[in-house]
1. Compute the Cα gyration tensor for chain B, then decide on rounded, prolate or oblate, letting a ≥ b ≥ c be the square roots of its eigenvalues: rounded whenever a/c is under 1.5, prolate when a/b is larger than b/c in the other cases, and oblate in all that remain.
2. Normalised by the residues of chain A, what does the relative contact order come to in percent, with Cα pairs under 8 Å and at least six apart?
3. Taking the Cα atoms of the stretch A:2-59, what is the range of coordinates along each of the three principal axes, in descending order and whole Å?
4. In nm, what does the list of distances from residue B:76 to its counterparts in the other copies look like, shortest first, when each label sits 7 Å along Cα to Cβ?
5. In deg cm²/dmol, rounded to 500, what helix-only [θ] at 222 nm does chain B give when every DSSP H run of at least 4 residues adds -39500 (n - 2.57) and the total is split over its residues?
6. How far is it, in nm, from the label point at residue B:117 to the one at residue A:3 when both lie 7 Å from their Cα along the line to the Cβ?
7. I'd like to know how the protein assembly as shown sits against the 2.2 N^0.38 Å rule of thumb: what's its Cα Rg over that expected value?
8. How big is the gap, in Å, between the Cα center of the stretch B:47-126 and the Cα center of the stretch A:52-95?
DNA sequence: ATGATAGATTTAAATTTTAAACCGATTGCA
DNA sequence: TGCAATCGGTTTAAAATTTAAATCTATCAT
C-alpha cells in the first residue's frame with residue numbers, strides 16, 4: 001500500500017474500501033453467500049472482470065479475504081473472509097439501515113435488511129459466528 | 001443523478017458516498033465540528049478545492065447537506081447537515097470501530113473513537129440530538 | 001475432439017482525480 | 001483610502017483510474 005493520507009480511522013478505512021465496488025463484493029459474500037469469481041461477476045451491478053480481479057487482489061492484500069482451491073475444479077478458487085473481513089458485517093448493516101431509512105431501495109432488499117436489523121445484536125452475532133465457521137476453517 | 005446500477009441498499013449508498021472523500025467531509029462536520037469550506041480544506045488529507053466543491057454539491061443534491069449564509073462574512077457559507085446527514089453518524093461509528101480494531105490508526109483518534117463507542121447508544125443518541133439542535137434550526 | 005467454463009489479462013477509450021494557478025467579491029487593518 | 005488576506009469557488013492540463021470488450025490459457029464434461 002501507498003503511504004496513507006492520514007492515520008485517521010475514517011481515512012484509513014476509506015483507503016481500503018472507499019470506492020463503488022469493494023463493499024459490494026463483501027456484501028456478496030456476507031449477505032448473498034457467494035464464494036466464486038463468476039458469482040461476483042453475476043451480481044446486478046455488473047462489475048467488469050478486470051475491476052473484480054483487482055478488488056479481490058486488494059482485499060487479499062489488505063487481509064480481508066483469502067482464497068483456497070476449489071476441489072471441484074483446479075482453476076476455481078473459493079474466496080474466504082478473514083476475521084477482519086467478517087467484522088465488516090456491522091459496517092454493512094449500518095449502511096443498509098441508513099439506505100432503507102433514506103433511499104429508494106427495492107422492497108425485497110429492504111425487507112431482508114430490516115429483518116437483520118430487527119434481529120438486533122443476538123442475530124448479528126449468530127450470523128457472524130456462522131460466517132466464522134464457514135470461512136475460517138483451515139484449508140483441508 | 002444517473003440511473004443506479006441496482007436498487008440494492010448497499011449499492012445505492014455507495015453511489016452516494018462510495019469514494020475516498022465524501023465521508024471525510026461528513027466526519028469533519030459530525031466529529032470535528034467543522035462548518036466552512038476553508039475548514040474542510042484544512043483537514044489532514046488535503047483535499048483539493050475542486051474536489052471539495054464537487055463533493056459538497058453532490059451532498060447537497062443528495063439531501064445530506066444544505067447551506068446558509070454566514071452573517072460574519074457575505075461570501076461565507078455555513079454548511080448544515082440534514083436529518084439524513086446526521087443519521088450517517090452510526091455508519092461513521094461502525095467504520096471507526098472496525099478501523100480501530102483492525103488498522104494502524106493513530107492513538108489520539110483511536111482514543112476518541114473508542115470513547116464514542118464505549119458510551120454506547122445513549123451517548124450516540126445525545127450526540128445526534130445535539131447535532132439536530134445545531135444543524136436543523138431554521139435559517140434565522 | 002469439442003464446446004463450455006474457470007479466472008483472469010490486455011487494450012484503447014472514456015471518465016475521474018489531481019495539483020496548481022487563478023478568480024472576483026469581501027473583509028480587516030493601517 | 002489603500003492593501004493584503006480571506007471567502008468559496010473555477011479553470012486547466014496532466015495523471016490516474018475505470019470501463020467494456022476482446023482475448024487468453026487451463027480445465028472439464030460429454
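Any read-out appearing in this document is the output of simple, stated calculations on the displayed coordinates, not a laboratory observation. Note that this is a predicted model, so its numbers are computed, not measured. Every residue, glycine among them, receives a Cβ derived from its backbone with ideal geometry; neighbour counts consider all protein chains shown.
1. rounded
2. On the way: 104 pairs, mean separation 25.4, N = 140.
About 18 percent, as a whole number.
3. Reported extents, whole Å, longest axis first: 35, 23, 16.
4. Here the equivalent label points are 6.3 nm apart from this one.
5. Theoretical 222 nm ellipticity from helices: -17500 deg cm²/dmol.
6. Using points 7 Å along Cα→Cβ, the separation is 2.8 nm.
7. 1.04
8. With the stretch B:47-126 and the stretch A:52-95 each reduced to a Cα centre, they are spaced 29 Å.
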